[in-house]
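Report on the following structure.
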Amino acid sequence: MRLRFAGKMFLLLGVAAFALCCFNTAHAADAIKLTYSNFFPATHIQSKLAEAWGKEVEKRSGGKVKVEYYPGQTLTKAKVVYDGVVQGLSDVGFSVLGYTRGRFPIMEVIDLPLGYKSGVAATKVANAVYDKFKDKALTDTKVMYLHAHGPGLVNTKGKVVKKLEDMKGLKIRSHGTSAKVVKALGGTPVAMPMPETYQSLQKGVVDGAVYPLEANKGWKLGEVIDSVTLDYPSAYTTTFFVVMNKDKWNSLPDDVKKAITEINKEWADKHGKAWDESDAEGLAFLKAKNKKLIELDAAEGARWKKAVQPVLDQYVKDMAAKKLPGKEALEIAQETLKKSDK
């Protein structure tokens, strides 16, 4: 009798488990799928945050959305992530506005050498400029949020840069606005996305590169450079975007849109703080490998700041020629940065 009862119980449990499995499978099949493309390697903190964004969307949507995350350029290359989102090759994309130079004119003000001191401040500037102007060039996607890295500095292999004159003739990896900064400082800009930088430095294709301290550990560039010039007075930043395909966004239920909008606000702050935390780690990495850190005294720093001023002036002129509010954008960026540094 007991054996028959036990057998029935096992049978019932088996049926229940099968039914639950079928329910979960059907539920998963009904979930809205979002593909997410990012050029950062999976191990980088910015990639981990992007993946965490997807998990949070799944959680707060109550399982209505499933995000398939593709790091390390496995879905679309860094330079074409934005167009990949527009064309539907991915539903969500994370890359650099500056990789398509000239396409987002107003937003270029963020990347100017304004003397950035932190990623938190740079991220505030990025979102303040976007919130004010809603750059029309970005209207072919739904902007999730923007963020920006900490001070972009000069990193070299071989030659140590202690003064402006030392930049002359050096081939420096850069992109977008940072290429203009390199030229203003006397170097020769070489356009190149971050994923190609390690090998180019290692093989001597370039003499150096401009990027934030974090990349020395996050991209392992500290292994192939010899010194960093801490040129904070002329430090630039790079604006990163997270955007969604417009049709995909419009197809989402209102409650899902609301949840994602709330997450976006939180994640912009998370990215800004992560940039600063990883800058500290990048600096520690350099010190551990006994790399040279070159500090500029007040007089030399003023020279570097003066050297890049024409980049700011030219931006205002270029925007005026296009009948765009470049002067106002620069003022907002500078004011936001000033408040953030207090």
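Limited to the stretch 212-229, what total is found for residues that are out of contact with any Phe, Trp or Tyr (no Cβ under 9 Å at 6 or more places or on another chain) and closer than 16 Å to Phe39 by Cβ?
Going through the stretch 212-229 one residue at a time, the tally reaches 1.
Restricting attention to the stretch 37-46, does a residue exist that is modelled with pLDDT under 90 and open to solvent by less than 50 Å² (accessible area, probe 1.4 Å)?
Narrowing the stretch 37-46 to residues modelled with pLDDT under 90: none.
Checked against the condition, which is being modelled with pLDDT under 90 and open to solvent by less than 50 Å² (accessible area, probe 1.4 Å), the stretch 37-46 yields no hits at all.
Can you find, within the stretch 190-203, the residue that is farthest from Gly98 (Cα to Cα) among those that are free of Cβ contacts under 8 Å to residues at least 40 places away in the same chain and open to solvent by less than 50 Å² (accessible area, probe 1.4 Å)?
Ser200
Please find, among Gly187, Gly119, Gly208, the residue that is under 24 Å from Leu312 (Cβ atoms) and under 16 Å from the mean Cα position of the chain (by Cα).
Gly119
Restricting the search to the stretch 70-116, which residues are of a type in the set (Phe, Trp, Tyr), at pLDDT 95 or above and open to solvent by 10 Å² or more (accessible area, probe 1.4 Å)?
Selection gives Tyr70 alone.
On the basis of being surrounded by fewer than 19 Cβ atoms within 10 Å (Cβ to Cβ), part of a helix (DSSP H, G or I) and either in contact (Cβ under 8 Å) with a residue 40 or more places away in the chain or β-branched (Val, Ile, Thr) (or both), does Lys327 make the cut?
No, not satisfied.
If a residue must be in contact (Cβ under 8 Å) with a residue 24 or more places away in the chain and either crowded, with 24+ Cβ neighbours inside 10 Å or in contact with a helix residue (DSSP H, G or I) (Cβ under 7 Å, 6 or more places away or on another chain) (or both), how many such residues does the stretch 161-177 contain?
9
Do you know which of the residues in the stretch 204-216 that are crowded, with 24+ Cβ neighbours inside 10 Å and of a type in the set (A, V, I, L, M) is nearest to Ile172 (Cα to Cα)?
Applying the filter and picking the extreme gives Ala209.
Picking from Ala259, Ala321, Ala274, which residue would you name as being surrounded by fewer than 20 Cβ atoms within 10 Å (Cβ to Cβ) and aliphatic (A, V, I, L, M)?
Unique residue meeting the criteria: Ala321.
Ala280 passes all but one of (1) at pLDDT 95 or above; (2) more than 18 Å from Asp111 (Cα to Cα); (3) over 19 Å from the mean Cα position of the chain (by Cα); which number fails?
Here Ala280 meets the rest and fails (3).
What's the number of the only condition in (1) among the aromatic types (Phe, Trp, Tyr); (2) farther than 18 Å from Gly115 by Cβ; (3) open to solvent by less than 30 Å² (accessible area, probe 1.4 Å) that Trp219 fails to meet?
(3)
Return the residues of the stretch 117-144 that are crowded, with 17+ Cβ neighbours inside 10 Å and not aliphatic (A, V, I, L, M); say none if nothing qualifies.
Across the stretch 117-144, the qualifying residues are Ser118, Gly119, Thr123, Lys124, Asn127, Tyr130, Phe133, Asp135, Thr141, Lys142.
Among the listed residues Lys323, Lys289, which satisfies the condition of being at positive phi, at pLDDT 95 or above and of a type in the set (D, E, K, R)? Before you say what the answer is, go through the steps one by one.
Working: Lys289 fails: at positive phi.
When all the criteria are applied, what remains is Lys323.
The values are calculated or read from the model by the stated rules, or taken from the named source; none is laboratory data. Just so it is clear, the structure is predicted and the values come from calculations on it, not from any experiment. Reconstructed Cβ throughout: ideal geometry from the backbone, glycine too, with neighbour counts over all protein chains shown. What goes into the accessible areas is simple: the full protein's heavy atoms, side chains included, and nothing from ligands, DNA or RNA. Shrake-Rupley method; radii C 1.70, N 1.55, O 1.52, S 1.80 Å.
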